[in-house]
Structures are given as C-alpha cells and as structure tokens.
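Right, one structure below, let's go through it.
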Amino acid sequence: MSHSKFWTNTCVFAVEDDPQDGWDHVSGYRTTAYVASAYTRRGAVVHTQYNQTSLLRTMELMLGLPPMNQMDATATRCSIVSPTSRTSPRSTRDKPGAAG
C-alpha cells in the first residue's frame, strides 16, 4: 500500500468490532484499532481510550466534512493521525524498505 500511487491520499482504519471471545481481564468494551497512513506516526502505540465515534470524527476532519450529529461533533480526535497535515505526507525515505 505504501508504495502505491494512492499512498498520499489513503488512510486505512482497521477496527476489531466484536472480539467474539467475551471479556478480557480488564473490560468487555476494549478493542484494538490499527491505522495505516502517510499521516500516522511510524511505529507509534497509543494507549489513549477512544471509541467508534472518535474514529468517525477523525475521518470527518481528514476529509473536511462537518460533524453529522452532536455525538461526533464532541468526540475526541484520534491523536495518532494528523488530519491537518494532508499537504505534507511522510516522505518515501521514511517508508520501510525504501532506499534513501
């Protein structure tokens, strides 16, 4: 994906919506989310608690869309993605496996 012509305009959010195996040792509401994009901090692990609405709000900000309702208008933006830096994506030199 990072070597495609679409890389500078792509952000993929992968979220485990339903863990299927019940509650873990902390909570039944926890899940994992992964973000692949030129606008994410490389190798970052974020332990901040977000929810589905936070992901939606982040996408809206990236696309320049207004909130659809009060829930996403007040949601916390995911800090791993920098939606305002669309003009300066990570360079090819920073991509894994790239010569530079």
Requested in this report: Might you check whether a residue that is touching a helix residue (DSSP H, G or I) at 6+ places or on another chain (Cβ under 6 Å), within 27 Å of S4 (Cβ to Cβ) and free of Cβ contacts under 8 Å to residues at least 24 places away in the same chain occurs anywhere in the stretch 34-55?
Outcome: no
Requested in this report: Examine the stretch 18-28 for a residue that is at pLDDT 70 or above and under 27 Å from M68 (Cα atoms), and state whether such a residue exists.
Outcome: no
Report summary line: Considering the stretch 47-89, residues that are in a loop (DSSP other than H, G, I, E, B) and in contact with a strand residue (DSSP E or B) (Cβ under 9 Å, 6 or more places away or on another chain), and then whichever is modelled with the lowest pLDDT, we arrive at P89
**Report entry** Residue that is out of contact with any Phe, Trp or Tyr (no Cβ under 7 Å at 6 or more places or on another chain) and within 24 Å of T8 (Cα to Cα), where the choices are A75, A44
**Finding:** A44
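The values are calculated or read from the model by the stated rules, or taken from the named source; none is laboratory data. Computed from a prediction, not measured in an experiment: that's the story for all the values here. Because the Cβ atoms are built from the backbone with ideal geometry, glycine has one as well, and the counts that use them run over all protein chains shown.
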